[in-house]
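What follows is one structure encoded as structure tokens, with my remarks underneath.
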Amino acid sequence: MDKIKLAATAAFGLEAIVKRELIDLGYENISVDNGWVYFDAEIKDICIANIHLRCAERVMLVMGQFEALSFEDLFDKTYELPWEKWISKEGKFTVKGKSVKSKLYSTPDCQAIVKKAVSKKLCQYYDLDWMPESGAEFTILVSIHKDLATISMDTTGARDGLFKRGYREKSMTAPLKETMAAALVKLSFWNKDRILYDPMCGSGTIAIEAALMGRNIAPGLNREFASHGWPLVKEEYWKNAKIQARKNIDFSSEIKIYASDVSEKAIRIAEENAIEAGVDDCIEFFVKDIHHIDKTIGPYGVLITNPPYGQRLGKNPQVSKIHNKLGQVFGKDETWSIYVITASENFEKEFGRKANRKRKLFNGDMRVDYYQFYGQRPEK
Ligand SMILES: C[S@@+](CC[C@H](N)C(=O)[O-])C[C@H]1O[C@@H](n2cnc3c(N)ncnc32)[C@H](O)[C@@H]1O
């Protein structure tokens, strides 16, 4: 079996969650560095990781790592890597790059050098003057951090990271990325035996991601990945990974997820998305202004929500009123656990209680906090 090194990339603050996902999938020798979660794998794991990971951004095939202090270093060491093993004669490849705190700081120059080195290697191997670049797509990434160059290939897809599950054709403004919504659920203590409620569900992302977890539906089951066309990633690997993922689906558990929003349009879109994701039987959607909620839905629930963002600093009276209401209803029920992602720094004050834990995250480019209030746990 061919041993390879893969890396699942994670958004800031989510590295530990992605590592936990990899451990749960049975991977070993996992290390975390600068947002990349490295693990030992075989080629078939390209399919398994892409299909199963819920919180990672993408799965990278690590071609090599080396010190790059000059363009000669970068060219020679890139040239030495086994490109001919992966990239077919017709392979179309683009090079992306980034460089942080390194001697080779010009990203366009680094990209051009890597492109040249890979082209030279492949032209020599296939005995061509130039590569036709008419076949499967390969996106190479050269990332240099403190002079250490990591050369990798994106197995997921340059355009569509793992967040693209395929169920969210429509969305309301400011939807959460699916990978972030999945991470918020993972960071709560929710499990499928407990009630989950999102009272400001927008396009339904949190509820749908929780339902996929509750049903144990792999998030990448209904989409394609860039490495689908790669010669070494055989069609049977994809087929076997999908057959196994389908076998793992739990169709029988009764799952109780509730999702509401003040906007009728949001609820219509969320319902359509849940149908598309195949989990509409797990979620009860309804139109409701949070100001009209006066009690929790049963005991021991988990509330996970993403209220409208006000400014990070300063007050927005409407948003403050929503925070007050969350505190008055859900904050008062000691059996409920409450998880709120927001950019507002006044949240705890307006909610009326200090969080048990506050986790710094980024929603896209926006710095946010995930406030966690732990409620009593149900008796077993
Ligand atoms: C940031 S968005 C939530 C996005 C959602 N997480 C998603 O992924 O699509 C905030 C939502 O709160 C809803 N909202 C605003 N005021 C509300 C209120 N008073 N009661 C209930 N929902 C409200 C908005 O309609 C919007 O859908």
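Here are a few things to note about the model shown:
- In the set (1) away from the ligand (no atom under 16 Å from the Cβ); (2) surrounded by 17 or more Cβ atoms within 10 Å (Cβ to Cβ), residue 252 fails one condition alone, (2).
- Considering residues of the stretch 175-202 that are part of a loop (DSSP other than H, G, I, E, B) and closer than 27 Å to residue 226 by Cα only, the residue modelled with the lowest pLDDT: 175
- Looking only at residues in the stretch 307-339 that are under 18 Å from residue 187 (Cα atoms) and away from the ligand (no atom under 11 Å from the Cβ), the one that is nearest to the chain's Cα centre (by Cα) is 339.
- Scanning the stretch 274-303 for residues that are within 21 Å of the chain's Cα centre (by Cα) and within 9 Å of the ligand (Cβ to nearest atom) yields a count of 0.
- Elements of type strands (runs of 3 or more DSSP E) in the stretch 49-167, at least 1 residues being without any contact (Cβ under 8 Å) to a residue 60 or more places away in the chain and hydroxyl-bearing (Ser, Thr, Tyr): 92-100, 137-145
- Selection from the stretch 255-273 of residues that are within 9 Å of the ligand (Cβ to nearest atom) and more than 25 Å from the chain's Cα centre (by Cα): 262, 263, 265
- Of all the numbered requirements in (1) touching a Ser or Thr at 6+ places or on another chain (Cβ under 7 Å); (2) modelled with pLDDT of 95 or more, residue 281 misses one, and that requirement is (1).
- From the options 208, 195, residue that is in the same structural domain as residue 267 (by TED's automatic domain parsing) and within 16 Å of the ligand (Cβ to nearest atom): 208
The values are calculated or read from the model by the stated rules, or taken from the named source; none is laboratory data. Being a predicted model, the structure only gives us computed values, none of them experimental. When we count neighbours, we look across all protein chains shown, and the Cβ atoms used for this are built from the backbone with ideal geometry, even at glycine.
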